[in-house]
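In what follows, a structure is listed as structure tokens, so that the remarks can point back to it.
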């Protein structure tokens, strides 16, 4: 299968054997199971690999204090500076496709899969937490080019991001005007809207995640400092001082926790208010894709 994207990624299926840790020669061979990957040529997937490693780090730091934000940490392997392979996450679809099938309401899809699995509370909780986790992680890494075909939703409620061709403040065209916290109208409606109890839970969890990760500001920024000489496009040596300074500022390092809570809450409210603008830009993106393909 070829995906509709600028570099036309290709999905391939392999037959794989998963050997348990205690397997020894002479034991029965494990059965073959399908393993799907996406092969891309034309993107520097070192950026994707770096972002997934940073998300994995943030997830680990949060889990250390029993904060599980339901990240979907698929594997990425950059082979050269312009091609690589990524794990294909099964039972997931783009938010765009889901909206097309549900009269533009994600909550309809969530109710459907929850009823089918009889897991209403689990799926709603997973959806809220994963939205909160990615809201903070994509804000700190300043992930760009966030449109509804880069946002995925699994059948168990995990919302997650893919395709990190624009990071650390780089954004194509009009998408530079997207709000700094990557939230949009569709995601909010999936929580029941801004006046719902679910949205208040999302808001509270997002703030909690941000405040905790602030404690590791220097640790997170220093990891990117070590990547300066890797010639990753969006972390180029020519502009790295500005890029890393801006990332440091996103942690609000000069504020107390109380003041940081207030400022981040204001920022989150602003980004939710700006979701209509993001929705307008999304319509323009869809029109461009339709014309192209």
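The values are calculated or read from the model by the stated rules, or taken from the named source; none is laboratory data. Please read all numbers here as calculations on a predicted model, not as lab measurements. Every residue, glycine as well, gets a Cβ built from its backbone with ideal geometry; the counts of neighbours run over all protein chains shown.
Within the range 22-45, the set of residues being modelled with pLDDT of 90 or more, over 16 Å from residue 87 (Cβ atoms) and under 31 Å from the mean Cα position of the chain (by Cα) comprises 32, 41.
With the structure loaded, tell me whether residue 214 is at pLDDT 95 or above and over 16 Å from the mean Cα position of the chain (by Cα) or whether it fails that test. Judged against the criteria, residue 214 is a match.
Applying a threshold of 9 Å to beta carbon distances and a minimum spacing of six or more residues, or different chains, the list of pairs starting in the range 257-276 at a residue that is without any contact (Cβ under 8 Å) to a residue 40 or more places away in the chain and ending at one that is part of a helix (DSSP H, G or I) reads 269/203.
Checking each residue of the range 183-203 against the condition of being surrounded by fewer than 23 Cβ atoms within 10 Å (Cβ to Cβ), under 16 Å from residue 96 (Cα atoms) and under 11 Å from the mean Cα position of the chain (by Cα) gives no match. Restricting to the range 262-287, name every residue that is buried (at least 17 other Cβ atoms within 10 Å of the Cβ) and either modelled with pLDDT of 85 or more or within 19 Å of residue 194 (Cβ to Cβ) (or both). If the condition is that a residue be buried (at least 17 other Cβ atoms within 10 Å of the Cβ) and either modelled with pLDDT of 85 or more or within 19 Å of residue 194 (Cβ to Cβ) (or both), then 264, 267, 268, 271, 272, 274, 275, 278, 282 are the ones that fit. Number of residues in the range 14-37 that are surrounded by 10 or more Cβ atoms within 10 Å (Cβ to Cβ) and not in a strand (DSSP E or B): the value is 5. So residue 253 passes all but one of these: (1) under 19 Å from residue 137 (Cα atoms); (2) at pLDDT below 85; (3) assigned to a loop (DSSP other than H, G, I, E, B). Which condition number does it fail? For residue 253, the failing item is (2). Considering every residue within the range 216-224, establish whether at least one is part of a helix (DSSP H, G or I), touching a helix residue (DSSP H, G or I) at 6+ places or on another chain (Cβ under 8 Å) and over 30 Å from residue 82 (Cβ atoms). Scanning the range 216-224 turns up at least one residue that is part of a helix (DSSP H, G or I), touching a helix residue (DSSP H, G or I) at 6+ places or on another chain (Cβ under 8 Å) and over 30 Å from residue 82 (Cβ atoms).
Does residue 76 satisfy the criteria of being under 26 Å from residue 140 (Cα atoms), surrounded by 18 or more Cβ atoms within 10 Å (Cβ to Cβ), without any contact (Cβ under 8 Å) to a residue 60 or more places away in the chain and within 17 Å of the chain's Cα centre (by Cα)?
Details: under 26 Å from residue 140 (Cα atoms): yes; surrounded by 18 or more Cβ atoms within 10 Å (Cβ to Cβ): yes; without any contact (Cβ under 8 Å) to a residue 60 or more places away in the chain: yes; within 17 Å of the chain's Cα centre (by Cα): yes.
Yes.
Residues of the range 225-250 that are surrounded by 12 or more Cβ atoms within 10 Å (Cβ to Cβ), part of a helix (DSSP H, G or I) and out of contact with any helix residue (DSSP H, G or I) (no Cβ under 8 Å at 6 or more places or on another chain): 246 alone. One residue alone among 103, 107 is on the phi > 0 side of the Ramachandran plot, at pLDDT below 95 and surrounded by fewer than 21 Cβ atoms within 10 Å (Cβ to Cβ), and that residue is 103. Tell me yes or no: at least one residue of the range 192-200 is part of a helix (DSSP H, G or I), touching a helix residue (DSSP H, G or I) at 6+ places or on another chain (Cβ under 7 Å) and either more than 20 Å from residue 133 (Cβ to Cβ) or at pLDDT 85 or above (or both). Yes, the conditions are met somewhere in the range 192-200.
Somewhere in the range 47-56, is a residue closer than 28 Å to residue 185 by Cα and in contact with a strand residue (DSSP E or B) (Cβ under 7 Å, 6 or more places away or on another chain)? Yes; the residues of the range 47-56 include at least one that is closer than 28 Å to residue 185 by Cα and in contact with a strand residue (DSSP E or B) (Cβ under 7 Å, 6 or more places away or on another chain).
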